[in-house]
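Written below as structure tokens is the structure these notes are about.
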Amino acid sequence: MTDRYASFVQSAAGRALVKRLGLPDPPRLRRHHPGDPLLAGPALLGASTGGRLAEPVAKILTAAGVELADPAAPAEWAQDAPPARSHGDTPQRYGALLFDATGITDSTELRQLYDFFHPQARAVLPSGRVIVLGTPPQECPTPREATAQRALEGLVRSIGKEFGRGTTAQLVYVTRDASDAGTRTSLESTLRFLLSGRSAYVSGQVIRVGGGAASVPADWDRPLDGQVVLVTGAARGIGAALAKVLARDGAQVVALDIPAAGDALAAVANDIGGTAVQLDLTAPDAPTRLAEHLASRHGRVDVVVHNAGITRDKTLGRMDADRWDQVIDVNLSSQERINDVLLERELIPAGGRIISVSSIAGIAGNRGQTNYATSKAGVIGLVDSLAPALRERGISVNAVAPGFIETRLTARIPLVVREAGRRMNSLAQGGLPVDVAETIGWLAWPASGAVSGNVVRVCGQSLLGA
Ligand code: NAD
């Protein structure tokens, strides 16, 4: 599960060899530690003419302790932010570049993106952040504006591939009517996530924010305080990392796994002061037993994380029906059955969350994984269909789609295929279970209630399915 090549590349001898031979150069990624500042340097914030988000974004950044470095910023939205220190003749370096592109209503105005990013393209610190803010094209009043807003995706995805050194780039579409408190709060939670080391392995993503209630946490370092969170498949891998991250952020974690994984599950639950539930999710009575457990112990479940998953790989012609059935049942149908019972019994309250783990195999397809890819694409369908249906109940539904993550699952892949999988992304390395956990954590925060219906890839901007 260790990436020996990446460790070698980060040594002095490794650096010399990589340079000489032009080998892949995986950077050391900045990951989150409680108490860390959001950024390693000041943020430069720019805005298109008539942009509607520069002012709220400046306020969010300032409140989050980010130093703003925009000498040209109009005084009214930069006034409570002290300008970045002058470095004399030393060129300024930025922890992040943010651009409010919501004022762009025609393709001819896309030039404003070039004018902002071109002079700064080489001024971003390692593990820096690029964030472009736009209006969802389907909400634009004219075809020209929708076209220009859609064009932002190409810029962001290319910057993700171009800037290097661990810098990530994202496009955040914020609903046109962003005046409601929920949307503002979720814009803040999203920016805090994307700027921080929590999003180390998320790049080239398009995230939609808007519509839905959200509450500001008393402490942004414990954004899940008091929340009851169920994590399935919590005995190891991504699920164990999830339990840890969510507990660190303040959640009361109910960790679930099959009885055969009981010892490992108990160790995870003890480590974080959570509780363990031994249950096979495919058992006919699993949904009711789980619902009864949650009702009697906690009276509710604020966040449901469907993480448990299996693979049973074979090319379709060689696959027996059992392999097909098991994978669809664990990865998809059991999630539906559990959602149905928890929703029917009203155990997920308003402000609740359903978060599923999909996979880039569900987006790109994968040889030997027709069953798995079908189940994981189905998870995306579940998000698409359930998110609008549950909006009125104040429950958000999202999924994350991991790419190559360093776990037992990927350690079993033959060496050559594994090396290819690891490097075929903009960050030239595999992600860690904690990267998936941090992304799910952000979606789970009460502050992220206006983020719903999203499928966020945690794949280092993998070339697969891009
Ligand atoms: P893992 O095999 O290490 O862990 C999965 C856990 O789910 C195990 O503890 C297992 O016992 C549990 N589980 C399986 N069937 C269950 C059942 N019927 N009832 C209850 N628990 C059950 O896998 P992982 O790599 O940590 O993956 C976690 C999730 O992420 C899965 O949904 C997987 O498909 C997805 N994913 C992983 C990767 C990756 O690179 N590792 C990539 C994309 C998606």
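The values are calculated or read from the model by the stated rules, or taken from the named source; none is laboratory data. What you are looking at is a predicted structure, and each value in this text was computed from that prediction instead of being measured. FYI the Cβ positions are ideal-geometry reconstructions off the backbone, even for glycines, and counts take in every protein chain you see.
Are any residues in segment 228-241 in contact with a Pro (Cβ under 8 Å, 6 or more places away or on another chain) and buried (at least 24 other Cβ atoms within 10 Å of the Cβ), and if so, which ones?
First, pick out the residues of segment 228-241 that are in contact with a Pro (Cβ under 8 Å, 6 or more places away or on another chain): 237-238, 240-241.
Result: Ile238, Ala240, Ala241.
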Pair list, Cβ under 7 Å, 6 or more apart: segment 376-397 residue without any contact (Cβ under 8 Å) to a residue 24 or more places away in the chain, other residue outside any strand (DSSP E or B) and surrounded by 17 or more Cβ atoms within 10 Å (Cβ to Cβ): Ala377/Gly362
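Every residue, every condition in (1) assigned to a helix (DSSP H, G or I); (2) more than 14 Å from the chain's Cα centre (by Cα); (3) hydrophobic (A, V, I, L, M, F, W, C), yes or no:
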| position | (1), (2), (3) |
| --- | --- |
| Asn398 | no, no, no |
| Arg418 | yes, yes, no |
| Gly421 | yes, yes, no |
| Leu427 | no, yes, yes |
| Asp435 | yes, no, no |
| Trp442 | yes, no, yes |
| Ala447 | yes, yes, yes |
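Here is a yes/no grid of residues against (1) crowded, with 16+ Cβ neighbours inside 10 Å; (2) more than 29 Å from Pro433 (Cα to Cα):
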position: Ile104; (1), (2): yes, yes
position: Thr108; (1), (2): no, yes
position: Val132; (1), (2): yes, no
position: Gly197; (1), (2): yes, no
Qualifying residue in segment 68-86 (condition: closer than 24 Å to Pro217 by Cβ, within 25 Å of the chain's Cα centre (by Cα), at pLDDT 90 or above and part of a loop (DSSP other than H, G, I, E, B)): no
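Could you go through segment 367-385 and let me know if any residue there is more than 16 Å from the ligand (Cβ to nearest atom), under 23 Å from Ala214 (Cα atoms) and either at pLDDT below 95 or crowded, with 19+ Cβ neighbours inside 10 Å (or both). Show your work before the answer.
In the first step, residues of segment 367-385 are kept if they are more than 16 Å from the ligand (Cβ to nearest atom); the result is 384-385.
In the following step, the residues that additionally are under 23 Å from Ala214 (Cα atoms) were identified as 384-385.
Still in the list and also either at pLDDT below 95 or crowded, with 19+ Cβ neighbours inside 10 Å (or both): none.
So far as segment 367-385 goes, no, none of its residues is more than 16 Å from the ligand (Cβ to nearest atom), under 23 Å from Ala214 (Cα atoms) and either at pLDDT below 95 or crowded, with 19+ Cβ neighbours inside 10 Å (or both).
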